1. From the list A:24, A:3, A:45, A:58, pick out the single residue that is more than 21 Å from the chain's Cα centre (by Cα) and within 22 Å of residue A:100 (Cβ to Cβ).
2. Which of the following residues is farther than 18 Å from residue B:243 by Cα and free of Cβ contacts under 8 Å to residues at least 60 places away in the same chain: B:136, B:163?
3. Can you tell me how many residues within the range A:69-105 are free of Cβ contacts under 8 Å to residues at least 12 places away in the same chain and under 22 Å from residue A:356 (Cα atoms)?
4. Return yes when residue A:237 is within 14 Å of another protein chain (Cβ to nearest Cβ) and modelled with pLDDT under 85 and no when it is not.
5. Scanning for something touching a residue at least 60 places away in the same chain (Cβ under 8 Å) and assigned to a loop (DSSP other than H, G, I, E, B), does the range A:10-18 turn up at least one residue?
6. Kindly provide the set of residues from the range B:431-451 that are more than 10 Å from every other protein chain (Cβ to nearest Cβ) and surrounded by fewer than 17 Cβ atoms within 10 Å (Cβ to Cβ), ordered by number.
7. Output the residues belonging to the range B:287-301 that are in a helix (DSSP H, G or I) and more than 19 Å from the chain's Cα centre (by Cα).
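The values are calculated or read from the model by the stated rules, or taken from the named source; none is laboratory data. As the structure is a computational prediction, the values presented were derived from the model and not from experiment. Every residue, glycine among them, receives a Cβ derived from its backbone with ideal geometry; neighbour counts consider all protein chains shown.
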């Protein structure tokens with residue numbers, strides 16, 4: 001059932017308005033904070049009002065501009081888009097609070113918060129895109145809007161990272177444009193919601209090219225190996241930006257695009273017949289393992305987080321590539337699970353850096369004694385990554401294994417075990433040293449992180465627990481993911 | 001109403017002739033006079049366009065003599081480019097007010113406006129000409145005034161660039177005149193529709209091929225299609241900035257529109273296959289896209305960068321004409337219009353920045369975006385549009401060209417086009433990086449003031465059109481599709 005609803009454009013519009021207000025009137029700290037926080041809250045409420053309908057399979061639509069003629073910039077909120085929008089707008093509230101605390105006394109705060117709001121606006125645009133071209137439009141805008149954030153420090157290293165980031169993502173964008181044109185050429189339409197735009201194009205010689213172009217294009221932001229190189233370099237950005245890049249906007253835009261390509265552009269039935277996805281699944285499995293090994297070798301907190309992100313994102317890609325209902329459920333729900341756990345980690349990394357000046361992992365030794373709340377948040381996120389039951393990460397691993405068995409791919413279960421072990425190997429020693437070894441070399445008087453940095457970390461850590469235990473509670477993200485799977489045509493219901 | 005069509009071309013020309021008299025006692029009146037004429041032209045073109053959309057293409061027989069004997073003016077979908085001419089014209093004339101005070105010596109200022117008006121009148125006449133001779137005459141009006149305008153600012157480099165431009169332009173004009181002569185000798189007619197009909201009966205194949213070759217080569221030089229572009233960068237970069245805007249946005253389009261006008265003359269010949277010519281044009285277009293972008297990448301001078309970008313963008317348009325499928329030609333033709341708006345935005349914004357700051361290389365201009373926020377925003381919008389980022393106006397041309405390449409069964413050209421677009425992105429990002437994210441090298445940059453309102457307003461208006469032109473682009477696309485259908489249908 002499709003319902004015309006203006007809220008669909010208001011949601012990205014609020015952040016756009018916020019960005020404009022910040023750019024024009026944002027010199028005053030108080031006003032700027034009011035605009036950003038106000039917009040974040042209004043937007044979250046707006047999206048929450050759409051939630052009950054989405055849970056029942058209602059699809060909200062709105063058509064904005066006839067660009068290009070016949071295709072149009074159009075918005076459409078289905079379960080999948082709703083899920084992504086809900087995750088990013090929830091996290092935007094947390095990240096905004098955190099950023100206000102973190103960016104105190106930094107230069108160019110107007111530019112920072114303006115582009116910050118633009119990023120979230122475009123992210124919701126991606127989530128609500130009704131066709132591939134609208135998705136591409138916001139995807140490209142997201143690239144442009146994150147660039148000033150990545151190079152915020154304007155050091156040579158930051159500028160270099162920015163160049164690398166743009167080179168990767170713009171090339172990816174060009175590939176998606178190629179894929180989009182191919183889809184338009186082959187299918188004559190770009191609109192989502194048919195359960196497979198290309199269903200009628202089986203056997204066309206350009207079909208493999210379209211698949212490779214779209215998967216490689218979105219794979220850049222999804223950090224699918226070997227397209228992941230920009231992410232570790234982009235760690236030079238301020239920590240709230242890293243959180244935004246890693247947990248909320250950029251990388252999730254990549255995996256979300258991949259989900260759209262698999263479920264809406266090609267469709268499960270066509271892909272099952274073509275067999276391209278077994279290659280994609282193999283690539284994702286390789287990325288999960290290889291990135292974990294790379295993470296083991298890192299000694300810097302943020303760099304280890306970056307490699308861990310690369311590994312975690314491929315869970316989502318793997319889930320989508322398996323083409324079974326349980327795997328799809330795991331893929332969708334992991335968008336939230338990874339986001340909340342990862343953003344907790346980044347909040348902790350930033351809080352530790354701002355409070356103690358420490359950025360290396362071995363320097364975390366004994367910090368549990370001085371910053372107990374911060375390190376509690378860290379521990380919860382770490383346990384979630386390892387996949388301990390009752391934490392969010394376990395839900396993903398469980399359903400991904402089930403999905404693998406559904407698809408007859410028993411190796412997925414082994415892969416989940418191996419990945420859990422690797423995650424344990426690179427997070428648990430840090431947890432041990434933080435709590436069970438005495439602090440060393442700390443200046444006297446170092447205490448818990450300031451509240452503006454600590455509160456967001458604790459809230460998101462609580463969310464990680466909530467996601468892990470609330471899979472049977474109606475209205476929680478898990479039920480929305482179930483609804484998304486149920487209403488994506490062609491996948492079938494997840495029992 | 002009936003006489004609006006000849007008025008569109010005549011108004012700027014007559015006003016240009018009267019301008020020295022108007023400015024005789026009061027030199028300051030020249031600007032107001034020129035702006036008023038530009039506004040009048042815009043109004044007339046608007047009325048013509050409304051009639052085109054309501055009733056379809058219409059003709060005007062000059063002096064009441066029916067074609068093919070009399071002179072025919074015709075306003076069709078291709079002539080709708082007049083809107084671009086008028087829009088850019090008004091913006092440039094308004095912008096010139098403050099700019100010319102600094103850049104053009106006082107004794108030449110009246111001539112400067114006069115030449116600009118001649119240029120605009122010639123362009124409109126060219127877009128509406130239905131016979132070959134008027135096509136040539138209007139082209140010459142535009143060309144000769146352009147040579148002079150390049151040198152208007154004075155300076156050695158400008159004079160040299162103008163001379164280079166003159167030599168290349170004269171050769172191409174001669175080629176076109178030569179071809180027009182041949183066609184007249186073969187058919188006894190100059191009216192294009194009539195020539196197309198009569199060419200079918202012509203038995204002498206050699207002269208027909210010669211005419212086709214001369215026309216193509218002549219218009220290729222006018223369009224600065226790679227490798228015949230060598231005159232362009234210096235001329236466009238050393239001219240006063242408003243003139244650069246006119247040259248890059250409008251004058252090079254003469255060559256493309258000329259090709260689009262004359263190629264259909266030969267489409268009706270059953271012994272002549274145009275496919276190899278189209279193939280050649282497509283290849284040259286694709287090479288121009290990449291070569292122009294690469295050359296732009298190596299420039300430090302802001303205006304030279306923009307000039308090379310024009311070479312690259314002409315490549316897009318010619319690629320569209322060469323692929324010769326309806327979608328590809330739609331893309332090429334819609335880009336004729338939108339590139340005019342975008343490039344005018346860029347040159348005027350760059351002109352405002354160079355005028356205010358006094359520097360013109362990227363290194364020297366570092367950090368200027370913060371000193372001139374509004375001009376900076378306009379320039380950024382222009383940059384995003386020329387790169388072809390959706391939803392700006394620049395995206396539409398690329399979108400239809402890509403679809404057209406697939407329609408023609410040539411995905412290779414689609415890939416080349418995307419590669420070119422990526423390169424373009426890189427060199428425009430250098431501009432934004434320098435203006436916003438690099439620490440200034442020159443202390444003076446910090447003290448630079450925002451451009452005066454009479455410069456800022458046209459720049460902002462054009463920049464807004466770059467954005468809105470994309471969002472509300474169905475009208476231009478529909479017109480371009482109409483023109484493309486007519487081209488593909490022949491005659």
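1. A:24
2. Sole residue among the options that is farther than 18 Å from residue B:243 by Cα and free of Cβ contacts under 8 Å to residues at least 60 places away in the same chain: B:136.
3. Matching residues across the range A:69-105 total 2.
4. Details: within 14 Å of another protein chain (Cβ to nearest Cβ): yes; modelled with pLDDT under 85: yes.
Yes.
5. Checked against the condition, which is being touching a residue at least 60 places away in the same chain (Cβ under 8 Å) and assigned to a loop (DSSP other than H, G, I, E, B), the range A:10-18 yields no hits at all.
6. Those that are more than 10 Å from every other protein chain (Cβ to nearest Cβ) and surrounded by fewer than 17 Cβ atoms within 10 Å (Cβ to Cβ): B:441, B:443, B:444, B:446, B:447, B:449, B:450.
7. First pass over the range B:287-301, keeping only residues in a helix (DSSP H, G or I): B:287-297.
Hits for the range B:287-301 are B:287, B:290, B:291, B:294, B:295, B:297.
Each row is one residue, and each column tells you yes or no for (1) part of a loop (DSSP other than H, G, I, E, B); (2) in contact with a helix residue (DSSP H, G or I) (Cβ under 9 Å, 6 or more places away or on another chain); (3) closer than 28 Å to residue A:61 by Cα; (4) touching a residue at least 12 places away in the same chain (Cβ under 8 Å).
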site: A:140; (1), (2), (3), (4): no, yes, yes, yes
site: A:157; (1), (2), (3), (4): no, yes, no, yes
site: A:160; (1), (2), (3), (4): no, yes, no, yes
site: A:176; (1), (2), (3), (4): no, yes, yes, yes
site: A:216; (1), (2), (3), (4): no, yes, no, yes
site: A:219; (1), (2), (3), (4): no, yes, yes, yes
site: A:225; (1), (2), (3), (4): yes, yes, no, yes
